[in-house]
1. Going 7 Å from the Cα of Ala210 in the Cα-to-Cβ direction, what parts of the range 73-95 have a backbone nitrogen less than 17 Å from that spot?
2. Using the structure shown, select from Lys82/Lys239; Lys82/Lys125; Lys104/Lys128; Lys83/Lys116; Lys125/Lys177 the pairs with a Cα to Cα distance greater than 23 angstrom.
3. Report the percentage of all Cα-Cα pairs in the range 89-159 whose separation exceeds 16 Å, rounded to a whole percent.
4. List the residues whose amide H sits under 5 Å from the amide H of Ala158, counting only those 5 or more places along or on another chain, with H placed 1.01 Å from N in the peptide plane.
5. Considering only DSSP states other than H, G, I, E and B, which trypsin sites (Lys or Arg not before Pro) in the range 134-220 qualify as loop sites with at most 11 other Cβ atoms within 10 Å?
6. Sketch the reach of a paramagnetic label on Arg236 as a point 7 Å from Cα along Cα-to-Cβ, and name the residues of the range 255-276 whose backbone nitrogen lies under 17 Å away.
7. Suppose R0 equals 41 Å; then what is the FRET efficiency for Lys258 and Lys67 from their Cβ-Cβ distance, rounded to the nearest 0.05?
8. Taking N as the number of residues in the range 145-215, what is its Cα Rg relative to 2.2 N^0.38 Å?
Amino acid sequence: MKKTLALWAALTAVALFATGCTVADADTPDHPATPTSAAPSARAGNKAPEGNTAPEAPDQRAAAYRKWGLKPFAAPPAPPAKKPVTRPAGGPVPVISDIPTSEKVVFVTIDDGAEKDPEFVAMMKDLKVPVTMFLTDAAIRADYGYFTPLVAQGHGVANHTLTHPNLRTLSQEAQRKEICGQQEKLAERYGKRPRLLRPPYGNWNEATRAAAARCGTDAIVLWRESMQITNMQYQRGDKKLHPGDIILAHFRGPSELKGTTMTEMTANLFRHIQEQGFTVARLEDYV
């Protein structure tokens, strides 16, 4: 197990250095990411989102947030009756970095899975803020069980490949093995085949789309902002969140966050979202 973790850490360090993706300088995708279907959606009335949505008394909710130095988020709107991003039957897999919506919601995604802080599991249970986990087998195989309670809380499980390669350097068949292989691993471990794929480093090409289609994914998910330690990096010049933005974070701990824990980084992220007047919605309800 120690050898596996050491190998993952070494491979990650080399790959991050090569692509410029560090905690101080995240990479951005080379391709423009626009959804295939961008029509605003009707609301779903009183349909409830999936996941951990049991009602909580306001004072209990406030106390749970205070434990982590936060104030409660506003409740997200009801999920749309029709998802604004869909893959047309027989069509290409859409590539997105945001969701077309006029509502002040954003979507939190967390990559890799190397850091396995039990306090983060407790934090997510308390806060009930939905996140989507893009997991890499090389990072999680030492402790698949860590993610089981997060899945039980209702957080989404998505595909981040078997070994975290730069997919643009691989043939379509090699990409297929990376993507389909992780589809099978995650389905076996967590009971459901992922519908969403994030290519490592945001690097993809048309062979990636073809391989993703063969593996049964519905969308390739990039991002608009990336969370570092205390601040976010923005792709747009106005350096602000926009409705429907997808935010990237990572399962990282003090060794990569200069002494900051994953729960502290997550709290910083949530404060940035709140300060700009947004709340967090569940990505799988929109794609």
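The values are calculated or read from the model by the stated rules, or taken from the named source; none is laboratory data. Keep in mind it's a predicted model, so treat the numbers as computed, not measured. Cβ coordinates were reconstructed from backbone atoms using ideal geometry, including for glycine residues, and neighbour counts include every protein chain displayed. Please note that ligands, DNA and RNA were not included when accessible areas were found on the heavy atoms of the full protein model with its side chains. Shrake-Rupley method; radii C 1.70, N 1.55, O 1.52, S 1.80 Å.
1. 90-94
2. Over 23 Å apart, Cα to Cα: Lys82/Lys239; Lys82/Lys125; Lys83/Lys116; Lys125/Lys177.
3. On the way: 1395 of 2485 pairs.
Everything past 16 Å amounts to 56 percent.
4. Residues meeting the amide H criterion: Met133, Phe134, Leu135.
5. Working: sites: Arg141, Arg168, Arg176, Lys177, Lys185, Arg189, Lys192, Arg195, Arg209, Arg214; in loops: Lys192, Arg195.
Answer in residue order: Lys192.
6. Counting only backbone N, you get 272-276.
7. Numbers: r = 24 Å, r/R0 = 0.59.
E(calc), rounded to 0.05, equals 0.95.
8. Details: Rg = 12.3 Å, N = 71, 2.2 N^0.38 = 11.1 Å.
Normalised Cα radius of gyration, the range 145-215: 1.11.
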